[in-house]
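Only one structure is covered here, and it is reproduced in the block below.
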Amino acid sequence: MILEIAIRSLQVTISALIVSTLIGIPVGAWLALVRFPARRVALALVYTGMGLPPVVVGLVVYLILSRSGPLGGLSWLFTIPAMIVAQIILSIPLIVGITMSSILAVDSTLRIQLRALGATHWQATRDLVLEARSGVVVGLAAGFGAIISEVGAVMLVGGNIAGQTRVLTTAIVLETREGNFDTALALGGILLTLAFAANLIMVIAQGRLREIK
Amino acid sequence: MTPSAYRLTGIEQVYAARTVLRIPELTIPRGDIFTVLGPNGSGKTTLLRLLALLEAPTRGTVTVSLASREVTGRTATIEDRRLVTMVFQHPILLTRTVRENVAYGLRLRGQRDARKRIDGLLDQLGLSRLAGAPSHTLSGGEAQRVALARALILDPQILLLDEPTANLDPASGVLIEQMIRETHRRDGVTVVLVTHNIFQAKRLATRAMLLLDGELVEDGEASQFFTAPRDERTARFVAGEMTF
């Protein structure tokens, strides 16, 4: 049973992380490289998003997905997809913000130098993001850490249904409330181990990336 | 008359309401080593960026004559732009090995099997033993040579160099000057060299111009420019009397 919960936790978090990486890195690069009128407002929004209270995100997703909400027809409330959506919203600002600042940390003339060597706009942008890769990995680690350990949003939109939407964090809450401290602690240990393992993998990847420097 | 590599007409470049460059008319002949002289802040780098088609002038037209056709910043395709290469005063290398840095432009052009050529060029520039070294371990002079190598490997028709030997040790400077001269002689490349080093200009230039405060003071054949300048300011500059 515990194994099943751990696997579900990873499934939800990794799915959310994949989607927010695919959206977050391009948006972060865009914010770093393109100047537009409302850019400062956009940056303030991203920074605010980096500290979004999960329970508020959960509430909003809940309302949107509830039967009378705008996306009620999807019948996603209290399902895995609803939890993934909430975690995407929580992790995207972290990945956008950290990607943006690591790209801004790369020398600003690199892009024009790559263009002078014959790079198209797209090639120069791609290689600039690659230069910022070790910072981008930090963004992914931050996103992963934030959502695998998050409880408020997944509890609200997932409902903590045994065998369906129960994940490590919501299971810990339940077991603690029921006084099963041993089980709660064991689940907590697994959660920490998973978080540690994931971060270790990213740190190793980052070390590899640094070596090419 | 030699065909031109560049024709500039009515050029004005304005940054934040300040005109940093004004060149009513300028022709750079093909196959020359054309040196752009002037103190810091005189608009030399701005001119080079216009010639590299990396920026569009606020007013006026830069026309580039390539071997096959004539283009402006507006009509140049990526293939046209790839015939012009620029080396920056402060080159930023990618966080990869020296060899990978030199291969960069080739890879953009879809050429992957150039290891022999790259190693030959690295050898000429005294960089052989550093081929596998990560770029961040290089000294300033080594990085500048790598930057020159990554441009030369592309066999450009036009090579734009921004202070390529500024702040380098004399040995690196001599090597880079040799390389410029050799490439020019062997491939007939048009070289536009920005420098504030009058001695370097005298050693390399076939033609020269002086920029002061963004204004073109004078341009001409090296022999005339350095020995019998028409403008009094050029005379003071080439005599080394102009302090900045």
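Here are some notes:
- Taking the range B:51-71 as the range and being away from chain A (no Cβ under 14 Å) and without any contact (Cβ under 8 Å) to a residue 60 or more places away in the chain as the test, the residues that pass are B:Pro57, B:Thr58, B:Arg59, B:Gly60, B:Thr61, B:Val62, B:Thr63, B:Ser68, B:Arg69, B:Glu70, B:Val71.
- Boolean, B:Arg107 is of a type in the set (Lys, Arg) and within 14 Å of chain A (Cβ to nearest Cβ): yes
- Residue list for the range B:198-244, restricted to those being on the phi > 0 side of the Ramachandran plot and touching a helix residue (DSSP H, G or I) at 6+ places or on another chain (Cβ under 8 Å): B:Gly214, B:Gly240
- A:Phe36 passes every criterion in (1) part of a helix (DSSP H, G or I); (2) within 30 Å of B:Ile92 (Cβ to Cβ) apart from (1).
- Subset of the range B:83-104 [outside any loop (DSSP other than H, G, I, E, B) and more than 9 Å from chain A (Cβ to nearest Cβ)]: B:Val98, B:Arg99, B:Asn101, B:Val102, B:Ala103
- Residue within the range B:131-138 that is within 28 Å of B:Arg81 (Cβ to Cβ), crowded, with 21+ Cβ neighbours inside 10 Å, within 14 Å of chain A (Cβ to nearest Cβ) and of a type in the set (Ser, Thr, Tyr) present: yes
- Condition check for A:Thr99: under 20 Å from A:Glu4 (Cβ atoms), away from every other protein chain (no Cβ under 14 Å) and polar (S, T, N, Q): no
- Positions within the range A:170-184 being small (Gly, Ala, Ser) and surrounded by fewer than 17 Cβ atoms within 10 Å (Cβ to Cβ), in sequence order: A:Gly179
- Taken together, the criteria exclude B:Leu159 from residues that are touching a residue at least 40 places away in the same chain (Cβ under 8 Å) and out of contact with any strand residue (DSSP E or B) (no Cβ under 8 Å at 6 or more places or on another chain).
- Among residues of the range A:185-213 that are modelled with pLDDT under 90 and surrounded by 15 or more Cβ atoms within 10 Å (Cβ to Cβ), those with a Cβ under 6 angstrom from a residue that is among the basic types (Lys, Arg) and outside any loop (DSSP other than H, G, I, E, B), sequence gap 6+ or separate chain, pair up as A:Leu209/A:Arg133.
- Just one of the listed residues (B:Arg145, B:Arg117, B:Arg109) is within 25 Å of B:Thr190 (Cβ to Cβ), surrounded by 20 or more Cβ atoms within 10 Å (Cβ to Cβ) and among the charged types (D, E, K, R), namely B:Arg145.
- B:Gln144 fulfils the conditions (1) within 14 Å of chain A (Cβ to nearest Cβ); (2) outside any helix (DSSP H, G or I); (3) in contact (Cβ under 8 Å) with a residue 40 or more places away in the chain except for a single criterion, (2).
- All conditions in (1) within 11 Å of B:Arg99 (Cα to Cα); (2) in a helix (DSSP H, G or I) hold for B:Gly132, with the sole exception of (2).
- Taken over the range A:103-124, the criterion of being buried (at least 21 other Cβ atoms within 10 Å of the Cβ) and more than 12 Å from every other protein chain (Cβ to nearest Cβ) is satisfied by A:Ile103 alone.
- Boolean, A:Ser134 is within 18 Å of the chain's Cα centre (by Cα), within 12 Å of another protein chain (Cβ to nearest Cβ), hydroxyl-bearing (Ser, Thr, Tyr) and surrounded by fewer than 21 Cβ atoms within 10 Å (Cβ to Cβ): yes
- The set of residues in the range A:14-62 that are of a type in the set (Gly, Ala, Ser) and without any contact (Cβ under 8 Å) to a residue 12 or more places away in the chain comprises A:Ala38, A:Ala42, A:Ala44, A:Gly51.
- So A:Val19, is it in a helix (DSSP H, G or I), β-branched (Val, Ile, Thr) and buried (at least 17 other Cβ atoms within 10 Å of the Cβ): no
- Residue in the range B:195-213 that is closer than 25 Å to B:Phe88 by Cβ, in a helix (DSSP H, G or I), of a type in the set (Phe, Trp, Tyr) and in contact (Cβ under 8 Å) with a residue 40 or more places away in the chain present: no
- Members of the range B:218-242 found to be in contact (Cβ under 8 Å) with a residue 24 or more places away in the chain and more than 19 Å from the chain's Cα centre (by Cα), listed by number: B:Phe226, B:Thr234, B:Phe237, B:Val238, B:Gly240, B:Met242
- Test result for B:Asp119, more than 22 Å from the chain's Cα centre (by Cα) and either within 14 Å of another protein chain (Cβ to nearest Cβ) or modelled with pLDDT under 95 (or both): no
- Residue ID - surrounded by the most Cβ atoms within 10 Å (Cβ to Cβ), chosen from residues in the range B:63-106 that are among the small types (Gly, Ala, Ser) and modelled with pLDDT of 95 or more: B:Gly105
The values are calculated or read from the model by the stated rules, or taken from the named source; none is laboratory data. All values reported here derive from a predicted model rather than from experimental measurement. Cβ coordinates were reconstructed from backbone atoms using ideal geometry, including for glycine residues, and neighbour counts include every protein chain displayed.
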